[in-house]
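The values are calculated or read from the model by the stated rules, or taken from the named source; none is laboratory data. Because the structure is a prediction, the values reported are computed rather than measured. So basically every Cβ, Gly included, is an ideal-geometry build from the backbone, and we count neighbours across all protein chains shown. Heavy atoms of the whole protein, side chains included, go into the accessibility calculation; ligands, DNA and RNA do not. Shrake-Rupley method; radii C 1.70, N 1.55, O 1.52, S 1.80 Å.
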Amino acid sequence: MSGPGSAAAGALELLAGRGQSLAVAESLTGGLVAGALTAVPGASRVVRGSVTAYATDLKRELLGVDAALLAACGAVDGEVARQMARGVRRVLGADWGIATTGVAGPDPQDGYPVGTVFVAVQGPDGAGRVRRLALEGDRERIRQDTIHAVLAMLLSELTENTRAQDTEQHGGNGCLQP
């Protein structure tokens, strides 16, 4: 099995073994990432909670995403995903934060075509990773592929136990479009 369930179970097992916790910030997935995680027996040992910030103003108000960044770049942006992951860690008091933002369709958003998605992971040392996805399919397929991608990225970060710097180059509050 290589779907979201196995990535979720693997990540939760590693986190539990380390005595660490996880929080989830979601936009286009609308709570489905948290649902995949909490479907795993014993998830309550690790999962602190989730914030579904579907509306752009909630990304700012609940998760602390920079208002100027949102005004300049919109909600579909790598730096927005990074700030969502950081914000949910802070708000829910977790060691790790993961986030999803993007366009599931049916219409383009913020100048991005359907299938443009950003996923982010941030660990306890403040280091993080953002990945841009170009997904295909209908709305449901894009959302499912996003769940799989963010959970696989979390599992990869935990497995590699990397302290590497972000792979993207960015400065200030500029839009991050890896």
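Among 81-94, 13-26, the peptide with the highest mean count of other Cβ atoms within 10 Å heads the list, and the full ranking is 81-94, 13-26. Ordered from largest to smallest accessible area (heavy atoms of protein chains, 1.4 Å probe), the residues 44, 50, 27, 156 come out as 44, 50, 156, 27.
Per residue, how large is the accessible surface of the chain? Use a 1.4 angstrom probe and give square angstrom.
On the way: 7850 Å² over 178 residues.
Computed with neighbouring chains in place, this is 44 Å² per residue.
Computed from Cα positions, the angle between helix 139-160 and the longest principal axis of the chain comes to roughly 50 degrees.
Label reach from residue 175 (point 7 Å along Cα→C-beta): in the stretch 39-83, amide nitrogens under 16 Å belong to 66-82. In the chain, the longest principal axis of the Cα atoms and the axis of helix 78-92 are about 50 degrees apart. Once you have a ≥ b ≥ c as the square roots of the Cα gyration tensor eigenvalues for the stretch 1-151, tell me rounded if a/c is under 1.5, and otherwise prolate or oblate according to whether a/b is larger than b/c. In terms of gyration-tensor shape, oblate. With a cut-off of 17 Å on the backbone N, the residues of the stretch 95-120 near the modelled label site 7 Å out from residue 20 along Cα-Cβ are 95-99, 120. The C-alpha atoms of the chain define a longest principal axis, and helix 4-18 lies at about 60 degrees to it. Rounded, prolate or oblate: which fits the stretch 1-80 when a ≥ b ≥ c are the square roots of the eigenvalues of the alpha-carbon gyration tensor, with rounded for a/c under 1.5 and prolate only if a/b beats b/c? Prolate.
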